[in-house]
1. Build a GNM of the chain with springs between Cα atoms under 10 Å: which of 105, 75, 55 gets the top mean-square fluctuation?
2. Any idea how far the Cα center of the stretch 150-221 sits from the one of the stretch 1-60, in Å?
3. Where does the chain land at 222 nm, in deg cm²/dmol rounded to the nearest 500, when only DSSP H runs of n ≥ 4 count, each adding -39500 (n - 2.57), divided by all residues?
4. In a Debye calculation with equal point scatterers on the alpha-carbon sites of the stretch 137-221 and no solvent, what is log10 I(q)/I(0) at q = 0.19, 0.21, 0.23, 0.25 Å⁻¹?
5. Below 15 angstrom from the Cβ of residue 144, what's the summed charge of the other residues (Lys, Arg +1; Asp, Glu -1)?
6. Looking only at the stretch 44-73, which residues have a backbone nitrogen under 17 Å from a spot 7 Å from the Cα of residue 144 in the C-beta direction?
7. Starting from 0.36 nm per residue, how many nanometres of slack lie between residue 190 and residue 159 once their C-alpha separation is accounted for?
8. Give me the net charge for the shell around residue 120: Cβ to Cβ below 9 angstrom, other residues only, Lys and Arg +1, Asp and Glu -1.
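Read-outs: derived from the displayed coordinates by stated rules, not from any lab. Bear in mind that the values here come from a model prediction, so they are computed numbers and not experimental data. Using ideal geometry, Cβ is built from the backbone for each residue, glycine included, and neighbour counts are taken over all protein chains shown.
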Amino acid sequence: MDIHIEDVIRQAAPGLLVVTVEADVTNGDTPDDLWDLLGRAASDIRSVTELSDVNKRPAIKATRDAYKALGKEPNRYRPSAEALSRRAVKGMELYRINTLVDLINLVSLQSGYSIGGFDADKIQGDLLTLGAGREGEPFEAIGRGELNIACMPVYRDSVGGIGTPTSDNERTKLDTTTSRLLMCVNIYGVEMPVEDTVRLIVDSLERYADAKNINVNYYRP
């Protein structure tokens, strides 16, 4: 899979780094030890972060700044890392989905990066473009129905949008039948060092999803 970053994103977020991780995986119910790690990560964030400071985390603030530069209001359409961190800080129960989704949530909580997770076999074509959403562009967000993605960063395959920092699309979502994973780590501003983030992802995929044929690539505007 290759990624082309459009000029509108280059102008709004010149410091963006997209890290993609592809791998053959085995998905299933979230194992208890991974779920415990996610719970501890949520507790750690809650112990050191006030709710009013969540949007000041460097990675989250940089993502919000990109939204604003594109003309999107981040308080109405929060990046997923911000929404997850807010839930943790409030002490709300996290959703237990499946191994891959909860693994992504663990990395997102610890790093502050909003991460797209896609079933690569459901993606149409071998090129993704990262551009800005258009008015009226259809996008069925996972668990929330139609999402207004106008002026929001959006990954598109040959059919249409598959992911934004706020939500991924139902069409390419990860489920327990997923055997080929594509992750897109959206680094609008660095918080956790990039190589530490990649190491955490690779180690977690190998441990919890029996990942093989792991391929990591880096894309800049």
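1. 75
2. Cα centroid to Cα centroid, the span is 9 Å.
3. Numbers: 6 runs with 74 residues, N = 221.
Result for the chain, helices only: -10500 deg cm²/dmol.
4. -1.06, -1.18, -1.25, -1.29
5. Values: positive: 76, 78, 87, 171, 173; negative: 140, 146, 168, 170.
So the surrounding residues net to +1.
6. Residues 55, 60-61, 63-68, 71-73 qualify, since their backbone N sits under 17 Å from the label point.
7. On the way: separation 31, 0.36 × 31 = 11.16 nm, distance 3.12 nm.
The span from residue 190 to residue 159 would gain 8.0 nm if fully extended.
8. Details: positive: 122, 180; negative: 22, 119, 121.
Summing Lys and Arg as +1 and Asp and Glu as -1 gives -1.
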